[in-house]
Amino acid sequence: MPLITLTTDFGTKDHFVGAIKGAIFSELEDVKIIDISHEISPFNITETAYIVKNAYQNFPKGSIHIIGVDSELSIENKHIALLLDDHYFVCPDNGVISMIASDIKPEKIVEITIHDRLISSFNVLDVFVKVAGHIARGGTLDVIGKTIHNYKQLTEVHPFINDDKTQIVGSVIYIDNYGNIISNISKKLFQEIGKGREFEVIARSYSFEKIQQQYNEVVNFETPSQNRQDDGKRLAIFNSANFLEIAIYRSNLKTVGGASSLLGLDYRDSITVRFK
């Protein structure tokens, strides 16, 4: 049974997601549809890339991933389909794939060329669903597109490293449901550049000289629980996706706030690691 995932910035208030699912079921009699997220910040390609990168690899090989963020067809925003890591992706060529492909080279990429057969202002519904259905039925990418070898790069997903390798300058690429700040500095890059040296993580006027292994490492468990005041403590950690994160212990956006609001950090703000 084919498995198709959906990642969009459409939200769930409007009819769009339901319409896409209906079109998929009309295209394929027997299929599983999984929502990765429909709450992407509107047109936020970096956020999309982060979410898809950390979700797709948990799905079975052969899964088809439809990405509908900033997907309107234009001269500058082509549509592509590709095979990467034994997964298929159907998406706009707006840089969204570059974060995934930074670690694994695509096996094949095509620019989708079936638009002349479909008149649509809703490309995810009409074009992407048709392409996904074709792939799910065992069709080849060559039938729905022409082979290309390059895709748009999203430069902000890659940190800057200075010449003497004493500094990594990254940026905030995602703010999660807890208000935690996720940077584009990976654990792998941190270890490759740092080589075990002491360091300082700088986020605005805040600094950290230790990266925790778990969030609750900031808790002093020797103190009786009724006397602890650990909620709200700042920390740096490599999260489950192995990206450097600035967090507030047991944050709650509805009460005490999160790292984004409490530390004044937002999307694209700088996060710097200085090695000593």
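Things worth noting here:
- Using a cut-off of 28 Å between Cα atoms, the listed pairs 21/53; 13/108; 108/188; 187/233 include 13/108 as exceeding that distance.
- From phi via Karplus (6.51, -1.76, 1.60), per-residue ³J(HN,Hα) for the range 261-276 in Hz, x at Gly/Pro: 6, 6, 9, x, 10, 9, 3, 6, 5, 7, 10, 10, 10, 10, 9, 9
- Around the amide H of residue 233, modelled in the peptide plane, lie the amide H atoms of 249, all under 5 Å away and 5 or more residues distant in sequence or on another chain.
- Relative contact order for the range 65-170: 28 percent, from Cα pairs under 8 Å spaced at least 6 residues apart, divided by residue count.
- On the beta carbon distance between residue 137 and residue 268, with R0 = 51 Å, the FRET formula returns roughly 0.80.
- Averaging 1/r over every pair of different alpha carbons in the range 4-100 and inverting the result gives a Kirkwood radius of 13.7 Å.
- The calculated FRET efficiency for residue 21 paired with residue 261, based on their beta-carbon distance and R0 = 35 Å, is about 0.50.
- Close amide H partners of residue 174, meaning residues 5 or more places away or on another chain with modelled amide H under 5 Å apart, are 182.
- Site pair residue 1 and residue 149 shows an inter-label distance of 4.2 nm when each label is modelled 7 Å from Cα along Cα→Cβ.
- Our coupling estimate for the range 166-179, obtained by passing each phi through the Karplus curve with A = 6.51, B = -1.76, C = 1.60 and θ = phi - 60°, is 10, 8, 10, 10, x, 8, 6, 10, 7, 10, 8, 5, 8, x Hz, Gly and Pro reported as x.
- Ligands, DNA and RNA left out, the 1.4 Å accessible surface of the chain is 47% carbon and sulfur atoms.
- Relative contact order of the chain: 15 percent, from C-alpha pairs under 8 Å at least 6 residues apart in sequence.
- Considering helices alone, the calculated mean residue ellipticity of the chain at 222 nm is -5000 deg cm²/dmol, with DSSP H runs of length four and up weighted by -39500 (n - 2.57) and normalised per residue.
- Between amide H atoms placed 1.01 Å from N, distances below 5 Å from residue 65 occur with 5, 88, 89, 90, all of them 5 or more places distant or on a separate chain.
- Mean accessible surface per residue for the chain, computed with a 1.4 Å probe while every protein chain stays in place, in Å²: 51 Å²
- The alpha carbon convex hull volume per residue for the chain rounds to 160 Å³.
The values are calculated or read from the model by the stated rules, or taken from the named source; none is laboratory data. Bear in mind the structure is a predicted one, so any value in this text is a computation, not a measurement. Methodologically, a virtual Cβ is constructed for each residue, glycine included, from the backbone with ideal geometry; neighbour enumeration extends over all protein chains shown. Accessible surface areas use protein heavy atoms only, side chains included; no ligands, DNA or RNA. Shrake-Rupley method; radii C 1.70, N 1.55, O 1.52, S 1.80 Å.
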